[in-house]
Amino acid sequence: MRHSLPHSMQPDIVFRSRRSPVIGRGGMVAASQPLAVTAGLQILMQGGNAADAAIATAAALNVTEPASTGLGGDCFALYYEAGSRQVYALNGSGRAPAALTLERLRREGLDGGLPTYHPYTVTVPGACAGWCDLISRFGTLSLAAILAPAIELAEAGFPVAPLTAAYWERGVQLQLSQAPGGVELTIAGRAPHPGEIFRNPGLGRTLRRIADGGAEAFYQGEIAAAIARQVQTAGGCLEEADLAAHTSTWEMPISVDYRGWRVWECPPNGQGLAALLALNILEGFDLGAQSPLSAERYHLMIEAMHLGFADAGWYVADPVFSPAPIAELLSKNYAAERRKLIDPCRASLELKHGTPLSSSDTVYFSVVDGSGNACSFINSNYMGFGTGIVPPGWGFAIQNRGHNFSLQPGHPNVLAPGKRPYHTIIPAMVTDSLSGDLIAAYGVMGGFMQPQGHVQVLVGLVDDGLDPQAALDRLRFCIQDGPGGGQIALEEGLPASLYMELEAMGHPVNAVSGLRRSSFGRGQVILREAQTGVLWAGSDPRADGCAMGY
């Protein structure tokens, strides 16, 4: 079944949108911070393309939302090149230190599991190389021009947004108050208040070094030495040589056809595979004939995601060490077999990964330029400020992505030196399955919620014909803890009857409200009409952000 593009979309009759979709044609940016959106738009209006604007936005988000993202984290990107109608995947994730082994953890009594913010969860920050590599391949402006808006925000200061201030305060309590150098990202030991000006001259200094010297300025020399020294001070084993050896990689993106919309994700070690597996399964059900609020639809989507996570929890790993059988996993035949495991009336809480037969708190943002190039980009420290470790004088926190390694010997995602871990951050892209024209650059950030958000937002767009803002406003479910999760969180506002019917089916459900609604992710969507070039955008109400175009 084919669906028309946004100009024919009907308003959501169940969930009224809090905002209208933003419409333009010259270019569009959607992100979780308005000041970062402005930075990206500024670059577009200076003649930059989607790649240039994406990195300007990423850098500005490092300044304005450091509790989610930054140069101490990793990034992934999907880039749609309008001229060739091709989608490219950039893996900007880092690897475990060479000295970090299971044997080392065993000697230190940590083989049962790493504490959340332990310095051994530090992997090489891949964001800087990812930024530079995207610009090197697709950008049109200089790094100095692209980073200029973020440098100004860091050095002159910016007023902190309300939700950002709340998450910053949580990060001060959990990480920054205890980690070496963490006080540098506070105001005299506390989080900034909403509307309070925060200046980060250290980050401005870092960005200036990168503007002048590219990725080499980050991975070699003074910055690299400060990172390694501070991680070692905290008890970790990251070395300057680990940083110097880092490289991004360009990968073949993976995709499935969902009712005529080809949905693209980055391959493992990212968990986009989970979203594609679930969509393949859901394609076999007529979701459009079901009420968006029905327990029948929620049950099918939850069960499909459980199956997607069951496979992702086993197969998502660094492909250099453990390549996954992607073609078989994403085949329609495999989806049909997995679909048979869904009982239409009863929850299946013990789903395991399949064995296909072989035939041989994160920021997401979206940018589309006036020529139809698009960048779906995600950048993250992982759990808020990551470890909270800050190299003194440089203004950014170091991630804790290594927490997602398995410590089970023989598991595809088991910790090993120089290995990339299972990654939760995933951008998405949608093209027309027949023409290859761009339809959407979209994503939903937030740990293991991300593939669930990708599926729920896409179902709203495709099966229900919603505009981007209405699709993002729609209330969500979340399988908590992803691959190993059983509890189903339902967003406040869903009817009591839905809770009761899902519980009767065997789903353990609980209601989530207030600031905890961040667990349902924070998404951005930009859609493009191929014939007119008109852009339709939405930004998630669960964050401080917005979409803007011209």
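Which peptide among 463-474, 208-219 comes first, and what is the full order, when sorted by highest mean count of other Cβ atoms within 10 Å?
So the order, starting with the most tightly packed, is 463-474, 208-219.
Calculate the length of the line joining the C-alpha centroid of region 35-72 to that of region 138-198, in whole Å.
Region 35-72 and region 138-198 have Cα centres separated by 14 Å.
Can you give the relative contact order of region 200-330 as a percent, counting alpha carbon pairs under 8 Å and 6+ residues apart? All intermediate terms of the calculation are to be shown ahead of the outcome.
Details: 121 pairs, mean separation 22.9, N = 131.
About 17 percent, as a whole number.
For n ≥ 4 DSSP H runs only, could you compute -39500 (n - 2.57) per run for the chain, divide by its residues and tell me the 222 nm figure to the nearest 500?
Details: 17 runs with 176 residues, N = 550.
Mean residue ellipticity at 222 nm (helix-derived): -9500 deg cm²/dmol.
Hey, if you put +1 on the Cβ of every Lys and Arg and -1 on every Asp and Glu Cβ in the chain, which of Leu494, Ala374, Thr387 ends up farthest toward the positive end of that dipole?
Checking the options against the dipole of the chain, the answer is Thr387.
Roughly how far apart, in whole Å, are the Cα centres of region 363-381 and region 227-271?
17 Å
Every number here is computed from the coordinates shown, using simple stated rules; none is lab data. This structure is a prediction, so every number in the text was calculated from the model and none was measured. No Cβ is skipped: glycine too gets one built from the backbone with ideal geometry, and neighbour counts run over all protein chains shown.
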